[in-house]
Amino acid sequence: MNRAIFVALSAAVGFAATDLRAQDRADIVISRVGTRPLRVGPAENFTGTVHAETLFDTTAMTRAYGASVSFAAGARTAWHSHPRGQTLIVTSGVGRVQRFGKPVQEIRTGDVVWIPPGVKNWHGASPNQTMTHIAVQEYLDGRVVEWYEHVTDVEYASASSGAAQGTAREQEILNLSKTKWRWMSERKVDSLAALFHDEAVFVHMGGTMSRTQELDVIRGGMIQYRTAEIQEASVRFIGSTAILLNRIRLTAVVGGNEVINPFVVTEVYVQQNGTWKLGSLSFTRLLTPP
């Protein structure tokens, strides 16, 4: 393999690769989180803000390269192809992938995408949400990627609107959730009472509360919700039920003390007489720093 070419190209999507030659040693090698540098996606190959982190490199015995690539909302690759194909493993968020001449497809956390060798394609985040995937591909004759023209804003908007045929309801739920956070911050109990289902359940770190108890807590200021910084959100539908997963940074006042915590918040909405009602709100605190 031509190492000059290897260093010049990114195996994942055009980034300079990190030298992980330690992988050639005859021993177990652990690459610790936080020790691998992030690189910014070059403007000639990407639109929007993109960062990549090399996870593993080729070795004397292997030809595969892997990287974790994070796309800001609306960011995407240019059209490109891989001589030996590419596997994408979506680790967070909602994104898009499209084969040239074919309809765009939506990809979500947990999805695994196989792009065949030589297939012209692009992939990236959805317009309103970030997306991170692991990209794995192999070298062929010193080459790992062929870059073509950029995906224009018109192409991206058209592709996104096509993918969004089934996402109008998603946006409705996302907007409703944001409004709910605002009402909780402003302590608009009457508006929340109309939103909460009569049988709604609220799960906090301290236990479970009913609709009436949750409203009393908000009304009395025992928990004062200040801001909910939404870092990631996705919606799934099961019939007339919508499940919204939020990763947020929540600032609140509890017992007179301001606290800031990272949470995964699960919201369950059910349709009642054509109107969405909040049936469940559950907070799971993350162990990562806020």
Next on the checklist: I'd like to check which helices (runs of 4 or more DSSP H) are fully inside segment 119-224 and have at least 3 residues that are surrounded by fewer than 17 Cβ atoms within 10 Å (Cβ to Cβ) and not assigned by TED's automatic domain parsing to the domain that holds His51.
Outcome noted: 168-186, 189-195, 211-220
Item to check | Which numbered condition Thr227 misses (of (1) assigned to a strand (DSSP E or B); (2) over 18 Å from Asn175 (Cα atoms); (3) more than 18 Å from the chain's Cα centre (by Cα); (4) at pLDDT below 95) | outcome: (2)
Checklist entry - Taking segment 94-118, which residues are buried (at least 17 other Cβ atoms within 10 Å of the Cβ), in a strand (DSSP E or B) and aliphatic (A, V, I, L, M)? => result Val94, Val97, Ile107, Val113, Ile115
Checklist entry - If you scan segment 260-282, which residues turn out to be surrounded by 13 or more Cβ atoms within 10 Å (Cβ to Cβ) and either under 19 Å from the mean Cα position of the chain (by Cα) or farther than 20 Å from Val201 by Cα (or both)? => result Ile260, Asn261, Pro262, Phe263, Val264, Val265, Thr266, Glu267
Item to check | Every residue from segment 242-290 that is in contact with a Pro (Cβ under 6 Å, 6 or more places away or on another chain) and without any contact (Cβ under 8 Å) to a residue 24 or more places away in the chain | outcome: none
Checklist entry - Limited to segment 77-119, what total is found for residues that are hydroxyl-bearing (Ser, Thr, Tyr) and under 15 Å from Ala67 (Cα atoms)? => result 4
Checklist entry - Here is a list of conditions, (1) touching a helix residue (DSSP H, G or I) at 6+ places or on another chain (Cβ under 6 Å); (2) closer than 18 Å to Ala73 by Cβ, and Val189 meets all of them except one; can you say which number that is? => result (2)
Checklist entry - In segment 185-227, what residues are touching a residue at least 60 places away in the same chain (Cβ under 8 Å) and of a type in the set (Gly, Ala, Ser)? => result Ala200
Checklist entry - What do you reckon, is Gln213 under 17 Å from Ile173 (Cα atoms) and at pLDDT 90 or above? => result no
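The values are calculated or read from the model by the stated rules, or taken from the named source; none is laboratory data. All values derive from a computational prediction rather than experimental measurement. Methodologically, a virtual Cβ is constructed for each residue, glycine included, from the backbone with ideal geometry; neighbour enumeration extends over all protein chains shown.
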